[in-house]
1. Using heavy-atom solvent-accessible surface (probe 1.4 Å) with all chains present, what is the largest-first order of SER122, SER58?
2. Rounded if a/c is under 1.5, else prolate if a/b is larger than b/c, else oblate: which is region 35-126, with a ≥ b ≥ c the root eigenvalues of its Cα gyration tensor?
3. Could you work out the local net charge near ASP60, counting Lys and Arg as +1, Asp and Glu as -1, over the other residues with Cβ closer than 12 Å to its Cβ?
4. Give the long-range amide H neighbours of LEU62: residues separated by 5 or more places, or on another chain, with amide H under 5 Å away, using H modelled in the peptide plane at 1.01 Å from N.
5. Could you tally the net charge around GLN160, taking each other residue with its Cβ under 14 Å from the Cβ of GLN160, Lys/Arg +1 and Asp/Glu -1?
6. Please give the length that would be gained between GLN171 and GLN85 if that part of the chain were fully extended, namely 0.36 nm times their separation in residues minus their C-alpha to C-alpha distance (nm, one decimal).
7. By a straight-distance test (C-alpha under 14 Å), which aspartates and glutamates pair with LYS42 as possible cross-link partners, with residues fewer than eight away in the same chain excluded?
Amino acid sequence: MQKSKAGSGSERSGAVRVIKKYPNRRLYDTDTSSYITLTEVKTLVMDNEPFVVRDAKSNDDLTRSILLQIILEEETAGVPIFTEQVLANIIRFYGHAMQDFMGSYLEKNVQVFMDLQAKMASQAPGATPEAWKQFMSAQSPLMEGMMGTYLEQSRNAFTQMQEQMQKNSEQMLAALGLKR
């Protein structure tokens, strides 16, 4: 997949599954020697199966493109995660000096949220999605405490981002012979 391959559900020893994308837009799983759908690629993601999608002719890495396509389908099919305002704000960061920091900030926050979700799941193994939905909507003190921890970690990630920006600014000014 992308950068992180830890926690893979793969039985193979670190092998990354290769999926080839043909000009006819079909996806071919070289591991199973069969064509697969985006839904099956989504299942690989959900199972933490490491994979890469390559263009069958040029061998270019198309993984990000396929993942974005899955997100687009999910966003248009049901209850979206991203509001129009969030999407507009993300778009505004493209080409902006803060683009790299925003990507890093989002990545850290999503990882913190995933860690929180894993912690909650480990504390209640066997809980159904419906039970989780009821639990989450109850806004119990436990949930408020966990969300408080998440928000604190998010705040820390933002503070680290600000400190990194400050350091980069100081280095740039020093390189130009300007000191603060």
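1. SER122, SER58
2. oblate
3. Here the charged neighbours net out to +3.
4. Those lying under 5 Å, H to H, from LEU62 are VAL53, ARG54, ASP55.
5. -1
6. 27.6 nm
7. Counting by Cα, and skipping residues close in sequence, LYS42 has these aspartates and glutamates nearby: ASP29, GLU73, GLU74, GLU75.
The values are calculated or read from the model by the stated rules, or taken from the named source; none is laboratory data. Nothing here was measured: the structure is a model prediction, and the numbers come from that model. FYI the Cβ positions are ideal-geometry reconstructions off the backbone, even for glycines, and counts take in every protein chain you see. Accessible surface is based on the protein model in full, side chains and every heavy atom, while ligands, DNA and RNA are left aside. Shrake-Rupley method; radii C 1.70, N 1.55, O 1.52, S 1.80 Å.
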